[in-house]
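Notes to accompany the following structure.
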Amino acid sequence: MFDKLKDIILEYVDIDPEAITESANLRSDFNLNSLDIINLAVAIEDELGVAVSDRKMASFYTLGEVADYLESAAAKKQA
């Protein structure tokens, strides 16, 4: 899931792929503002088929938190 999320980030953020780690901060490391984070949530839903509410997405600080949530949501969806 993290690799797919990394690919999505690379589509929206001009950043060195090596900088995309689970501990990377969405706001300070990727310079995303609140609108960027909402757009990222939409892209995640489009690409992965996992819905992430705007409010939930805004509560995440690191990319690892997003990946963990997506893995959990995908597992629930398959159950």
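Could you give the dipole magnitude of the chain about its Cα centre, charging the beta-carbon of Lys and Arg +1 and that of Asp and Glu -1, in debye to the nearest 20? My answer is approximately 440 debye.
In summary, the aspartates and glutamates within cross-link reach of residue 6, defined as a Cα separation below 18 angstrom excluding same-chain residues under 8 places away, comprise 14, 16, 18, 22, 29, 36, 45, 46, 47, 65, 68, 71.
Of all the options 48, 35, 63, the one that moves most in a Gaussian network model of the chain with Cα springs shorter than 10 angstrom is 35.
Given contacts defined as C-alpha pairs under 8 Å and at least six residues apart, what's the relative contact order of the chain, whole-number percent? Each step should come with its number before you reach the end.
On the way: 66 pairs, mean separation 28.4, N = 79.
Rounded, it is 36 percent for the chain.
Name all residues of the range 2-19 having a backbone nitrogen under 12 Å from the label point set 7 Å from the Cα of residue 48 along its Cα→Cβ direction, giving them as ranges. Backbone N within reach: 2-9.
Hey, what number do you get for the chain at 222 nm if only DSSP H runs of n ≥ 4 count, each worth -39500 (n - 2.57), divided across all residues, to the nearest 500? Spell out each step's value before the answer.
Working: 4 runs with 48 residues, N = 79.
Computed mean residue ellipticity for the chain: -19000 deg cm²/dmol.
Taken together, the values in this text are just the output of simple stated rules run on the coordinates, not laboratory data. Computed from a prediction, not measured in an experiment: that's the story for all the values here. All Cβ positions, even for glycine, are placed from backbone atoms using ideal geometry, and neighbour counts span all protein chains on display.
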